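Here the structure is laid out as structure tokens; the discussion comes afterwards.
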Amino acid sequence: MANLFRRLTAPAAPVIQRDTVRLRLDDAEIDVLRVRDPRARRLKLSVDERGARLTLPLRASLASGERFLQANRQWLQQQLARFDGEGLLAAPLALREPGVLPLRGALLPVRWQEGRFTRIEVDAEGACIQLPARAGDASLRRMLREFYEARMRADVGRWLPAYLPGLPRAPARLRLKVMSSQWGSLAPDGSLALDLALALARPAAFEYVLVHELCHLLQANHSPAFWAEVEARFPQWRHERDYLREEGRRLKATLRQLLRGA
């Protein structure tokens, strides 16, 4: 009865409102996705492969959002041009057509094979994707996600034992998901989340993110003490952080395109 009462009296989930606003730049007009999010604490403008997004806190007026857009027009145009120039790591993989599969910092040539089951195998020649004759695009996208998740879990299982000594405990669980900006996070209950796009990155960068999040078991911040823990376990962390800063947007955009398909 008590549980039922708590459910009935629990506050409703915050409602996120979305619409678009037209913005004139120097050479074109664009649509900016405008999102009013009760969880947002400040005005925020961001750009990814889907375009521009303006996030407004609950109390921000539409006029303040318009002024924020106008004030950041030059920055927005630069980011859009930069993103267009970066593009994807490779052309999106199309069902049963020649292409490449991004994996661990490489682009593997793909060959297709008909079979009873859906699976992906990696060998010296590249990646062999097996699909039943009637399998469609949705089956391919589901298989790609499962393939990347399995590869990441195998990597974490191989690396993790070496880093457990000196930690207060192991992560409670591992979750792999598509993350918009972060590469990983560690929840207060010890749950470790990693961005699925790390399967496309070079292994050293993936390992750095794992070490970074594990060190939050020792320091729940980014203080000098935290970075000292990272340094002690992964001395080349700066090099891999720079790699993710340079390639991160392309990695994330490529993963979304792979999982979304045509």
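Would you say Q77 is assigned to a helix (DSSP H, G or I) and farther than 19 Å from V35 by Cα?
Yes, satisfied.
Sort out which residues of the range 147-156 are in contact with a strand residue (DSSP E or B) (Cβ under 9 Å, 6 or more places away or on another chain) and more than 14 Å from V122 (Cα to Cα), and write them in order of number.
Those that are in contact with a strand residue (DSSP E or B) (Cβ under 9 Å, 6 or more places away or on another chain) and more than 14 Å from V122 (Cα to Cα): E149, M152, R153, V156.
Could you check the range 45-76 and list, in sequence order, the residues that are surrounded by 14 or more Cβ atoms within 10 Å (Cβ to Cβ) and of a type in the set (S, T, N, Q)?
Of everything in the range 45-76, those that are surrounded by 14 or more Cβ atoms within 10 Å (Cβ to Cβ) and of a type in the set (S, T, N, Q) turn out to be S46, T55, N72.
Per-residue answers, yes or no, for (1) in the same structural domain as R141 (by the TED database); (2) farther than 24 Å from A197 by Cα; (3) at pLDDT 90 or above:
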residue	(1), (2), (3)
N3	no, yes, no
P11	no, yes, no
E49	no, no, no
A94	no, no, yes
V100	no, no, yes
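Could you tell me which numbered condition A228 fails, if it satisfies all but one of (1) in contact (Cβ under 8 Å) with a residue 24 or more places away in the chain; (2) in a helix (DSSP H, G or I)?
Here A228 clears every test but (1).
Which number in (1) open to solvent by less than 90 Å² (accessible area, probe 1.4 Å); (2) modelled with pLDDT of 80 or more; (3) among the polar types (S, T, N, Q); (4) within 26 Å of K252 (Cα to Cα) marks the one condition that Q79 misses?
It fails just one condition, (2).
Of the residues A60, A94, A135, only one is within 22 Å of L255 (Cβ to Cβ) and over 26 Å from the mean Cα position of the chain (by Cα); which? Let's see the steps before the verdict.
Numbers: A60 fails: within 22 Å of L255 (Cβ to Cβ); A94 fails: over 26 Å from the mean Cα position of the chain (by Cα).
Just a single option satisfies the conditions, and that option is A135.
Find the strands (runs of 3 or more DSSP E) located wholly in the range 118-217 whose residues include 3 or more that are at pLDDT 95 or above and open to solvent by 20 Å² or more (accessible area, probe 1.4 Å), and list them.
119-123, 173-177
I need every pair where a residue in the range 159-172 that is farther than 18 Å from V209 by Cβ and in the same structural domain as Y208 (by the TED database) has its Cβ under 7 Å from the Cβ of a residue that is polar (S, T, N, Q) and part of a helix (DSSP H, G or I), sequence separation at least 6 or different chains.
No pair meets every condition.
The values are calculated or read from the model by the stated rules, or taken from the named source; none is laboratory data. Since we're looking at a predicted model, the values are computed, not measured. Neighbour counts are summed over all protein chains in view; Cβ atoms, including those assigned to glycine, are modelled from backbone coordinates with ideal geometry. Protein only, heavy atoms only, side chains kept; ligands, DNA and RNA dropped before computing areas. Shrake-Rupley method; radii C 1.70, N 1.55, O 1.52, S 1.80 Å.
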